[in-house]
Amino acid sequence: MARRRQLYEGKAKILFEGPEPGTLVQYFKDDATAGNGAKKGIITGKGVLNNRISEYLMMRLHEIGVPTHFVRRLNMREQLIREVEIIPLEVVVRNVAAGSLSTRLGIPEGTRLPRSIIEYYYKNDALNDPMVSEEHITCFGWANTADLDDIVALTLRINDFLSGLLLGVGITLVDFKLEFGRLWENDEMRIILADEISPDNCRLWDSKTNEKMDKDRFRKDLGKVEEAYQEVARRLGILPEAGARDLKGPEMVQ
Ligand code: 5GP
């Protein structure tokens, strides 16, 4: 089969040219990295699960009017997305202290925050994705204040909606990272949600036991990584029907 032209390969995904102008194909790999590539590994079936989980969450967000780049899932590991101009920011939302917030400020992991916090990081591997403020973002032209207003409004909405959706299946949304892009239509620009939403870029804890169900299991060598991703998919009701046998892909779906 003729392969599409590869445009970009990241740590967990590959982007191919899409079938029509303005579209791309996003391929989900099993590769896992932590610490900006310092630790590398494979989480078997992760790509298949993240493709499904991200599809599911982006579709639910679309239903409440959040614009996203997701068009449709193509097969086990690929989804069709709209091509956007990526804003070079990682937008992190926190509801409970964990990870770099706990390390940096000494707030014990698991402390419920009095209100959700939004942080910005400049997407730059060579610089280790440094944290930046609105001042840096507007000064260096990565986004203007109107863009940031849209980003904050969308981010808070996404956080509220996903926190509720996940709590309904016994999962606490501790924190997560979003990326946004600019979509141009007839000289009009809109900011839409891009990238993925999956256990790779969210901290998800079992709401009863606080057991980690996300990439921290890989980052911290906690074991049962594949099982944790599968459990998130199972609770969302989207585990591939044949279970683990189905996790190798790619396989066309109708
Ligand atoms: P922290 O700043 O505590 O390391 O991460 C906060 C949240 O953002 C976590 O849910 C983490 O998974 C996500 N996150 C932050 N940076 C990255 C990144 O470069 N890649 C991915 N996949 N997730 C990230």
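Readers should treat all values here as calculations from the given coordinates under stated rules, not as data from a laboratory. Note that the coordinates shown come from a computational prediction; the quantities given were computed from them, not determined experimentally. Cβ sites come from the backbone with ideal geometry, for glycine too, and all protein chains shown count toward neighbours.
Once you keep just the Cα pairs under 8 angstrom separated by 6 or more residues, what percentage relative contact order results for the chain? Numbers along the way, then the final one.
Numbers: 456 pairs, mean separation 51.1, N = 254.
Result for the chain is 20 percent.
At Arg4 and Ser207, where each label point lies 7 Å from the Cα along Cα→Cβ, what is the point-to-point distance in nanometres?
3.6
Using +1 at the Cβ of each Lys and Arg and -1 at the Cβ of each Asp and Glu in the stretch 79-207, identify which of Ile191, Leu167, Leu127 lies farthest towards the dipole's positive end.
Leu167
Please work out the Cα center distance from the stretch 44-96 to the stretch 143-209, rounded to the nearest Å.
Going from one Cα centre to the other spans 10 Å.
Let me spell out the model: positive unit charges on the Cβ of Lys and Arg, negative unit charges on the Cβ of Asp and Glu, origin at the Cα centre of the chain. What dipole size does that give, in debye rounded to 20?
Values: 36 positive and 40 negative charges, 194 e Å.
It comes to approximately 940 debye.
Arranged by the count of other C-beta atoms within 10 angstrom, fewest first, what order do His136, His69 take?
On the way: His136 14, His69 24.
Lowest count first: His136, His69.
Would you mind checking the pairs Lys11/Lys177; Lys13/Lys224; Lys123/Lys224; Lys11/Lys224; Lys177/Lys215; Lys29/Lys215 and listing those with alpha carbons more than 18 angstrom apart? Could you put the intermediate results ahead of the total?
On the way: Lys11/Lys177 15 Å; Lys13/Lys224 22 Å; Lys123/Lys224 29 Å; Lys11/Lys224 21 Å; Lys177/Lys215 12 Å; Lys29/Lys215 14 Å.
Violating the 18 Å Cα-Cα cut-off are Lys13/Lys224; Lys123/Lys224; Lys11/Lys224.
Sort Glu196, Glu85 so the one with the fewest other Cβ atoms within 10 Å of its own Cβ comes first.
On the way: Glu196 26, Glu85 11.
The fewest-first ordering by Cβ neighbours comes to Glu85, Glu196.
When a footprinting reagent is the concern and you count Cβ atoms within 10 Å, what order do Phe70, Phe161 take, fewest first?
Details: Phe70 24, Phe161 17.
Sorted ascending by nearby Cβ count, the order is Phe161, Phe70.
Residue by residue through the stretch 220-232, which ³J(HN,Hα) values in whole Hz follow from phi under the Karplus form 6.51 cos²θ - 1.76 cosθ + 1.60 (θ = phi - 60°), with glycine and proline marked x?
Whole-Hz 3J(HN,Hα) from phi for the stretch 220-232: 9, 6, 8, x, 6, 6, 4, 4, 5, 4, 5, 5, 4.
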